[in-house]
Amino acid sequence: MSARSAGVVVAIDGPAGSGKSSVSRASARVLGFDYLDTGAAYRALAWRCLEEGIDTLGPADLIESLPSFEYTIGVDPDNYFVRVGSETVTDDIREPRVTHIVSSVARVPEVRQYLVDVFRGIIASSSRPGIIVEGRDITTVVAPDAPVRILLTASEEARMGRRSAELAGESAAATSSELSSRDAQDSRVVDFMNAADGVTTIDSTDLDFDQTVQAVVSLVRSST
C-alpha cells in the first residue's frame, strides 16, 4: 500500500542536515503545495514519552501507548505547527532531550508502521494541487509510487556546517557528534543515504538555499 492524494505527491528523503525540512517547506510555498514534515511525528512521540514517563527502551510500553497518541500537524507551509493533544509542541520537540531519544523511538518497527499509516492519511486528505512529504523513508516506504521522488543530500562537512548554524550555542564538535549519531542509528532501520531505483539525487553541497529550492521546484515542474 502507498500514499494516495488527489494532487501530486513529492517524496523527499535525506540525511540529517541536508536541508530537507527548510527546502521542502520553501519549495511547497513556491509550488502552492502542502508540506508534511514526517520527522516531527517521531519527535512528538518522543516528547510525549518524556512528558508521561513512557519507557522508550522496552519497547512494550511505547507500542501500547500508540493508539492514544493524539497528533496534529499543520501542512500549510505558512502555518506550520505540531500538537500533541491540545498542547502545541512545535518548539518543544526540537529540544536536545528529545533529539537524544528520538532515534530509539523511530527504530521500533511498530512505531514506524503506525506513523506510516498516519502519514498516508494526511497525504490523502491534502486538498492542494500537491504535497511535498519529507523524511527518511518517504521514497521507499511511505510514498514509493510518488511521481516525483528525490534524495536530497550534501557532503558531511556541508551538513555539519548547516546544522551548526541552526543550533546556536552548541559547539561544532557536539553538532558533528549529534549529526553522525542520528544518521548511524537511523541507518539501521532505513537507507536514506543512497537513492533507490527511480529516485533523483539532488546534491546541494555546492548550492545555496535558493538554488536548492529552485532545483527541487524545477524537477517537480518538469516531472508533472
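Observations
- In this simple spin-label approximation, ARG94 and SER22 carry label points 7 Å from Cα along the Cα→Cβ vector, and these lie 1.0 nm apart.
- FRET efficiency estimate (nearest 0.05) - Cβ-Cβ, ARG221 to SER104, R0 30 angstrom: 0.15
- Computed P(r) (all Cα pairs; the range 1-67; 5 Å bins; percent): 3, 13, 19, 17, 14, 16, 12, 6, 1
- Only Cα sites of the range 125-165 enter the Debye sum here, all with the same form factor; the resulting log10 I(q)/I(0) across q = 0.16, 0.18, 0.21, 0.28 1/Å is -0.58, -0.67, -0.78, -0.97, listed in q order.
- The distance between label points at ASP197 and SER86 comes to 5.1 nm (points 7 Å beyond Cα on the Cα→Cβ vector).
A short reminder: the numbers here are calculations on the coordinates, not readings from a lab. Keep in mind the model is a prediction, meaning the values are calculated, not measured. As a convention, Cβ positions derive from the backbone with ideal geometry for all residues, glycine included, and neighbour counts pool all protein chains shown.
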